[in-house]
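Since the structure comes first, as structure tokens, the remarks are kept for the end.
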Amino acid sequence: MDKTEVAAVLEEIALLLELKGENAFKSRAYKTAARTLETLPEDLGRLVAEDRLGTVPGIGDALRQKITELVTTGKLAYHEKLRAEFPPGLFDLLDLPGLGPKKVKALYEQLHISDIAGLEAACREKKLESLAGFGAKTEANLLLSIEQRRSYQSQHRLGDVLDLAEDLVDTLRTHPDIHRVSIAGSLRRGKEVVKDIDLLASSAPEKAKGILDDFVALPQVTRILGHGGTKASVILADGLQCDLRVVPDRDFATALHHFTGSKEHNVALRQRAISKGMKLSEWGLFKTDKEGNEVEKLPIYTEEELFHELGLDPIPPELRENLGEIEAAEHGKIPRLVEWTELRGAFHNHTNASDGTATLEQMAAAAAGIGLAYFGLADHSKSSFQANGLDEARFETQLAEIAKFNANPDREIRLFSGVECDILKEGKLDFDDAFLAKFDYVVASLHAGFTKDEEEMTRRLTRAMENKYVTILGHATGRLLLRREGYPVHLDKLIDCAAETGTWIELNANPYRLDMDWRWWHKARDKGVKCVVSADAHRPSDLAYLKLGVTLARKGWLRKGDVMNTLPVGKMEEELKRKKGR
DNA sequence: GCCGTTTTCGGCCCGACTGTTTTCAGTCG
């Protein structure tokens with residue numbers, strides 16, 4: 001077992017101990033140990049082999065033995081014994097907002113509720129009200145959460161699906177009978193949440209059946225829903241549906257356009273075709289006679305040719321939502337959208353000083369590894385206790401580390417010093433201005449007090465943005481996709497405030513966030529608001545989120561010039577100085 | 001469970017909010 005797997009087992013033990021009602025500090029010891037392992041700079045196997053586990057802070061005798069057992073045998077008797085004491089459905093209950101270990105324990109022991117279905121029934125029969133600490137409101141809230149969870153179940157986050165889809169396309173591309181293959185559907189349009197994976201391939205018509213036979217036999221497939229001559233539907237892991245259509249190559253471009261959508265974009269484009277004496281469908285673009293009968297099929301090999309025939313500039317898939325892209329394409333106003341390779345740096349990143357898993361050096365090396373020229377550290381501020389936020393003294397230490405790093409002439413990347421500073425009550429910041437002035441930049445984010453009304457939340461955020469040391473507004477709404485709504489906030493007012501104060505707004509590229517939402521960026525851009533695409537990286541591999549973030553920036557009509565972290569390092573240094581001096 | 005001792009037990013991270021209470025437990029960030 002590697003350290004990530006061991007850490008996961010320790011996390012689960014911590015949870016099981018809480019369910020059991022054990023000493024909370026004992027549970028915390030397991031959690032701490034799990035975190036320590038995740039951030040361990042050394043190889044765990046070697047540490048165990050050389051019997052040096054006991055020297056790691058937070059790992060005493062008991063944990064040393066258990067970790068050793070896990071590493072050497074791959075399992076742990078203690079863990080399995082604990083696990084056997086509870087039905088697996090209890091873990092689903094813990095996922096529901098408002099239910100923690102104590103309440104789940106009460107539900108299980110007193111009402112014998114062991115899964116979501118049981119909880120739902122009990123809520124409907126108003127059985128929870130008999131328990132101490134539970135009431136009518138709790139029942140109503142839980143029923144709502146269960147309903148929400150159900151509606152989320154058929155949906156998937158873009159960032160969780162994209163890699164899987166790209167792998168499938170890569171596999172299909174190697175098929176000898178496939179000419180062209182592409183992702184289609186909302187996934188290709190970069191929608192933040194998708195229902196399924198739509199794939200389109202082209203081949204000689206007589207080869208389609210064989211291609212689909214091979215597709216449904218792929219190892220990723222867990223269930224076959226349908227398997228015909230031109231289309232197959234399968235279920236992949238996590239209940240994710242994937243459809244593959246195979247069309248003749250001459251129909252590929254129009255089919256790809258059709259299955260990419262959106263429906264609204266397609267309807268508008270079909271109307272445009274009619275107005276030009278043509279007819280558009282998934283099967284092609286046709287010239288029509290006065291009665292609207294097809295008289296000639298136009299040869300269309302690419303989507304670009306299709307748009308051209310309709311008198312339009314090419315429209316990138318991300319823009320196809322019928323939100324003005326057709327008018328723009330008609331007038332040569334489709335922007336050249338930002339490309340992910342144009343990013344030169346990133347600003348919102350964590351290290352193991354707060355809640356990240358890697359050291360400053362490891363994060364910097366990873367950033368240099370993906371070709372960035374500069375990299376900003378923004379660990380949590382002191383009020384984020386849960387995230388091990390840094391106080392002034394610890395930040396002073398980190399500032400010194402960063403200065404030392406930058407002083408090395410052989411360094412691979414330029415570091416910028418920052419902080420993800422908590423926005424407190426009434427928009428006050430977690431540090432005073434004199435201290436904030438020490439950083440190259442400040443990301444201001446809200447992590448607590450989400451329950452105020454829209455007016456007050458908006459006031460808190462705008463007040464924070466009015467501070468001259470605040471460079472970037474972090475995750476503007478705090479939403480977690482398919483998990484929780486954002487806090488209520490008047491985004492129009494935030495955008496206006498950003499325009500007035502020159503504050504940049506973050507596009508947080510964590511797959512759960514993708515916040516600020518793409519629907520607002522076009523408007524923000526037109527008001528002169530600048531975007532920063534952030535990975536909000538907590539480990540080196542999270543930097544891959546930047547690419548996802550750029551997809552959403554594109555969906556928001558952003559150009560290279562609208563995204564600040566496309567600036568080269570010298571220009572960025574000037575910008576940051578200018579902002580602080582404003 | 002870990003750790004550090006005034007060496008073998010007692011402390012271990014805070015604050016807001018909700019829904020339940022009628023002064024507080026549980027959850028969350």
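Structural remarks
- Count of segment A:412-433 residues which are without any contact (Cβ under 8 Å) to a residue 40 or more places away in the chain and away from DNA strand B (no atom under 16 Å from the Cβ): 2
- A:Y512 over 19 Å from A:E392 (Cα atoms), touching a Leu at 6+ places or on another chain (Cβ under 6 Å) and at pLDDT below 95: yes
- Boolean, A:D160 is free of Cβ contacts under 8 Å to residues at least 60 places away in the same chain, of a type in the set (D, E), surrounded by 12 or more Cβ atoms within 10 Å (Cβ to Cβ) and away from DNA strand B (no atom under 16 Å from the Cβ): no
- The number of residues in segment A:249-282 being closer than 24 Å to A:S186 by Cβ and either more than 35 Å from the chain's Cα centre (by Cα) or of a type in the set (A, V, I, L, M) (or both) comes to 10.
- Any hit, segment A:536-551, residues being of a type in the set (V, I, T) and either over 27 Å from A:D433 (Cα atoms) or surrounded by 24 or more Cβ atoms within 10 Å (Cβ to Cβ) (or both): yes
- Residues in segment A:52-68 that are within 16 Å of A:T4 (Cα to Cα), of a type outside the set (V, I, T) and more than 8 Å from DNA strand B (Cβ to nearest atom): A:L53 only.
- Only one of the numbered conditions (1) out of contact with any strand residue (DSSP E or B) (no Cβ under 9 Å at 6 or more places or on another chain); (2) buried (at least 24 other Cβ atoms within 10 Å of the Cβ); (3) β-branched (V, I, T) is violated by A:V532, and that is (1).
- Residue match in segment A:32-46 (condition: within 14 Å of DNA strand B (Cβ to nearest atom), over 27 Å from the mean Cα position of the chain (by Cα), buried (at least 16 other Cβ atoms within 10 Å of the Cβ) and not small (G, A, S)): no
- Yes/no for A:E12 being out of contact with any Ser or Thr (no Cβ under 7 Å at 6 or more places or on another chain), more than 21 Å from A:N352 (Cβ to Cβ) and free of Cβ contacts under 8 Å to residues at least 24 places away in the same chain: no
- Matching residues, segment A:152-170, being in a loop (DSSP other than H, G, I, E, B) and within 17 Å of the chain's Cα centre (by Cα): A:Q155
- Just so you know, in segment A:278-290 the residues that are charged (D, E, K, R) and outside any strand (DSSP E or B) include one that is surrounded by the most Cβ atoms within 10 Å (Cβ to Cβ), and it is A:E282.
- Of the residues making up segment A:105-122, at least one is surrounded by fewer than 18 Cβ atoms within 10 Å (Cβ to Cβ) and within 23 Å of A:A34 (Cβ to Cβ).
- Against the test of being surrounded by 14 or more Cβ atoms within 10 Å (Cβ to Cβ) and either at pLDDT below 95 or touching a Cys at 6+ places or on another chain (Cβ under 6 Å) (or both), the options A:E139, A:E147 yield a single qualifying residue, A:E139.
- With respect to (1) on the phi > 0 side of the Ramachandran plot; (2) surrounded by fewer than 17 Cβ atoms within 10 Å (Cβ to Cβ), the lone exception for A:A434 is condition (1).
- Close pairs (7 angstrom Cβ cut-off, 6 or more residues apart or separate chains): closer than 15 Å to A:D496 by Cβ in segment A:443-460, more than 9 Å from DNA strand B (Cβ to nearest atom) and among the small types (G, A, S) anywhere: A:R459/A:G427
- Test: residue in segment A:24-47 that is of a type in the set (K, R) and in contact with a Leu (Cβ under 8 Å, 6 or more places away or on another chain): yes
- Tallying residues that are surrounded by 16 or more Cβ atoms within 10 Å (Cβ to Cβ) and over 23 Å from A:P316 (Cα atoms) within segment A:558-568 yields 1.
- Residue in segment A:93-104 that is modelled with pLDDT under 90, away from DNA strand B (no atom under 15 Å from the Cβ) and surrounded by fewer than 12 Cβ atoms within 10 Å (Cβ to Cβ) present: no
- Tally, over segment A:69-91, of residues that are surrounded by fewer than 17 Cβ atoms within 10 Å (Cβ to Cβ) and within 15 Å of DNA strand B (Cβ to nearest atom): 7
- Residue match in segment A:446-458 (condition: away from DNA strand B (no atom under 13 Å from the Cβ) and surrounded by 22 or more Cβ atoms within 10 Å (Cβ to Cβ)): no
- When residues of segment A:373-397 are limited to those that are under 22 Å from A:L543 (Cβ atoms) and surrounded by fewer than 20 Cβ atoms within 10 Å (Cβ to Cβ), the one nearest to the chain's Cα centre (by Cα): A:A387
- Where a residue in segment A:87-110 is without any contact (Cβ under 8 Å) to a residue 40 or more places away in the chain and closer than 18 Å to A:Q153 by Cα and its partner, wherever it lies, is hydrophobic (A, V, I, L, M, F, W, C) and surrounded by 13 or more Cβ atoms within 10 Å (Cβ to Cβ), with Cβ under 8 Å and at least six apart: A:G89/A:I116; A:D92/A:I116; A:L93/A:L99; A:L93/A:V104; A:L93/A:L107; A:L93/A:I113; A:L93/A:I116; A:L93/A:L119
Quick grid of which residues meet (1) of a type in the set (S, T, N, Q); (2) under 20 Å from A:K571 (Cα atoms):
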site: A:A329; (1), (2): no, no
site: A:W340; (1), (2): no, yes
site: A:G345; (1), (2): no, yes
site: A:H348; (1), (2): no, yes
site: A:T357; (1), (2): yes, no
site: A:A373; (1), (2): no, yes
site: A:G376; (1), (2): no, yes
site: A:Q386; (1), (2): yes, no
site: A:L390; (1), (2): no, no
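- When A:L491, A:L473 are checked against the criterion of being buried (at least 24 other Cβ atoms within 10 Å of the Cβ) and of a type in the set (A, V, I, L, M), a single residue qualifies: A:L473.
- Filter pass, A:A121 being outside the structural domain of A:R189 (by TED's automatic domain parsing), in a helix (DSSP H, G or I) and away from DNA strand B (no atom under 12 Å from the Cβ): yes
The values are calculated or read from the model by the stated rules, or taken from the named source; none is laboratory data. Computed from a predicted structure; not experimentally measured. Neighbour counts run over all protein chains shown; Cβ positions are idealised from the backbone, glycine included.
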